[in-house]
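The values are calculated or read from the model by the stated rules, or taken from the named source; none is laboratory data. Model, not experiment: these values are computed from the prediction. Cβ sites come from the backbone with ideal geometry, for glycine too, and all protein chains shown count toward neighbours. To get the accessible areas, we keep the full protein, side chains included, count just its heavy atoms, and leave off ligands, DNA and RNA. Shrake-Rupley method; radii C 1.70, N 1.55, O 1.52, S 1.80 Å.
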Amino acid sequence: MKYRNLYFIFYGADMTRRDIFKKDIADAGERFADTFSLPKDMVVNATLLHMIGKSDIFIENFKGIVSYTCHEIIIKGHKIKYCICGDNLAIEYYSNEDMKISGQINEVKVVREAMR
Amino acid sequence: MQNNWVRFVKGCISVKLGGDYLERFFNMCRTHDIYLWGIRRENDICVCNMYASDFFKLPPLLKKTGTRAKVIRKSGVPFYIPFMKKRIIFFAGVILCLIMLNLVTNYVWAIEYIGNLQVSDNELTDFLNSQNIHYGIKKSEINCEEKEKRLREAFPNVTWTSIYFEGSKLCVEVKENEKTEPKKTQTRGTDIISEDEGVIISIVTRNGVPKVKAGDTVVKGQVLVEGSVPVYNEEQVITDYQIYDADADIWIKAPIIYKDEVSKSYPVLFYTGNDADVGFFEAFGFHVDGLLIYDLFHKSKTDLYETLTQKHQLVLLDNIYLPIYYGRINRKEYSLKYLAHTTDEMKQILSDNFEKFISELEEKGVQIVEKNVKIVKNRNSMKMQGDITAIKPTGRVVDIQRTDEAQQTQEAAPQ
């Protein structure tokens, strides 16, 4: 009961104990990577975005393309989506390992998927 | 990302894609290891590039995603094969040429020398030849660093060297020591002896001991200035000799014997006008010219010719001299006739020659004091002979000739 009160202080009163446990499990990978100084993209399967200036962006460790238009490309990562907004966006190359997007990039947004 | 050359060799196509599920199509291509590049969205359609071989993997994916595909451009080697099949010899020639080019670039075909001022190109060429470096040698056989070291050893005034290749050209770059130390001439001890027999007019000595003075009569070979300078002690006895190279300006009044002869008859060339101007070619000791053909059609009157040959050697890349020569031969036929001088003409020739001789002497700084020449006429010639008294510089440097007296003094001095 005492510990539960502490959780409420850290995570808010609206989170149930089950939510807190789920979040702990989800963040375990990140904590593990931090503790052993390992690359997070390898440990927690995170997407790696490498942006050069405002015109080129390299993406690795992604799942696929959700949507592609001249002004917006949505990339699906692991439980997360990345929305790259801009003008004249083109995919320079698209392979199993990585992809490169070029064009006038205005915004890179992260869209979190709802936790089940 | 892959190299454009790889794409060209493997062959690539541009495909126009249309449909509602293009993103899904791209993702399926990815999972089936189909590499796509240059994806551009144009309204409802997409244009992308892919390898030609991957195009055959597309039908099931197109069917599944309801995408339409149309090839709009083909490029790369596989699409040239039908074109090349018809012109196989041409392409075989091109490939053979490339192979030959690759082969010949492994050899040295030119040598360039950079930065040499004191050391001449010929000296460097001789050095390279001594190191077995010549045109046509394989590049891999040359150890540049070792040759650089040898070059510095061979030429002491070369302070820095660099031997490197520029394509098939071997560059030998050198830097020389600009401040060359003046050569220290070692004193070997010399005397000055007289070259003529006569009277000394003046003597100015810079080094050594003068043995004659103005007004003295000297004979040929007499020592005028001695290189060994005696050193006296307090009792005015010679204790030692210091050796110098004798140096002095000595003027002597001496006779010069003049003799000239002109024969009465003299040869004159008469060109017959039978001139031949033909080309020639010479390679590996084999000579071909047009003179043989010319002689067949033109009968020569005499066997006397004046021949002018312009010879050029075939040079490749400014440096490679091939043993092939070409040029022109200009042959003029002439005959000799002997004509006779008149007495006046012979006198004129003799006096002209004499005046020329005198002016040449004056140019050398010789002062003419007296001229005593006479002309004698013979049957077939005319002679001019006599003496010219002149004041001229004299003195020949010879190795020291120590007198017996000096030797005895030097031997006695240590006792």
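Any chance you could count how many residues in the range A:70-116 are at the interface with another protein chain (Cβ under 9 Å from one of its Cβ atoms) and hydroxyl-bearing (S, T, Y)?
3
I'd like to check which strands (runs of 3 or more DSSP E) are fully inside the range B:92-188 and have at least 2 residues that are in contact (Cβ under 8 Å) with a residue 24 or more places away in the chain, open to solvent by less than 60 Å² (accessible area, probe 1.4 Å) and within 24 Å of B:Y321 (Cα to Cα).
B:110-114, B:169-176
With (1) more than 13 Å from chain A (Cβ to nearest Cβ); (2) out of contact with any strand residue (DSSP E or B) (no Cβ under 9 Å at 6 or more places or on another chain); (3) open to solvent by 80 Å² or more (accessible area, probe 1.4 Å) as the list, and B:L61 as the residue in question, which single condition is left unmet?
Exception for B:L61: condition (3).
So, B:F79, is that one among the aromatic types (F, W, Y) and under 30 Å from B:V9 (Cα atoms) or not?
Taking the combined requirement at face value, the residue satisfies it.
Out of all the residues in the range B:323-331, is one or more in contact with a Phe, Trp or Tyr (Cβ under 7 Å, 6 or more places away or on another chain) and over 30 Å from B:T125 (Cβ atoms)?
yes
Taking only the range B:237-263 into account, find how many residues are of a type in the set (D, E, K, R) and in contact with a helix residue (DSSP H, G or I) (Cβ under 7 Å, 6 or more places away or on another chain).
Adding up the residues that qualify gives 2.
B:D295 is checked against (1) more than 32 Å from the chain's Cα centre (by Cα); (2) modelled with pLDDT of 85 or more and fails just one. What number does that condition carry?
Of (1) more than 32 Å from the chain's Cα centre (by Cα); (2) modelled with pLDDT of 85 or more, only one is false for B:D295: (2).
Tell me, which residue of the range B:29-45 that is within 8 Å of chain A (Cβ to nearest Cβ) and hydrophobic (A, V, I, L, M, F, W, C) is most open to solvent (accessible area, probe 1.4 Å)?
B:W37
Looking only at the range A:40-49, which residues are assigned to a loop (DSSP other than H, G, I, E, B) and open to solvent by less than 60 Å² (accessible area, probe 1.4 Å)?
Listed by number, the residues that qualify are A:V44, A:A46, A:T47.
Do we find a residue being away from chain B (no Cβ under 13 Å), open to solvent by less than 70 Å² (accessible area, probe 1.4 Å), under 15 Å from A:S102 (Cα atoms) and not β-branched (V, I, T) anywhere in the range A:50-69?
Scanning the range A:50-69, I find at least one residue that is away from chain B (no Cβ under 13 Å), open to solvent by less than 70 Å² (accessible area, probe 1.4 Å), under 15 Å from A:S102 (Cα atoms) and not β-branched (V, I, T), so the answer is yes.
Within the range A:70-88, which residues are under 15 Å from A:E113 (Cβ atoms) and open to solvent by 40 Å² or more (accessible area, probe 1.4 Å)?
Listed by number, the residues that qualify are A:K76, A:H78, A:K79, A:K81.
Can you tell me which residue among B:F297, B:F281, B:F286 is more than 30 Å from B:T389 (Cα to Cα) and surrounded by 11 or more Cβ atoms within 10 Å (Cβ to Cβ)?
From the options B:F297, B:F281, B:F286, the qualifying one is B:F281.
Step by step: first the residues of the range B:1-28, then only those that are in a helix (DSSP H, G or I) and within 22 Å of A:N88 (Cα to Cα), then the one that is most open to solvent (accessible area, probe 1.4 Å). Which residue is that?
Of everything passing the filter in the range B:1-28, B:R24 is most open to solvent (accessible area, probe 1.4 Å).
May I ask you to verify whether A:G12 is surrounded by 15 or more Cβ atoms within 10 Å (Cβ to Cβ) and at pLDDT below 80?
Against the criterion (surrounded by 15 or more Cβ atoms within 10 Å (Cβ to Cβ) and at pLDDT below 80), A:G12 does not qualify.
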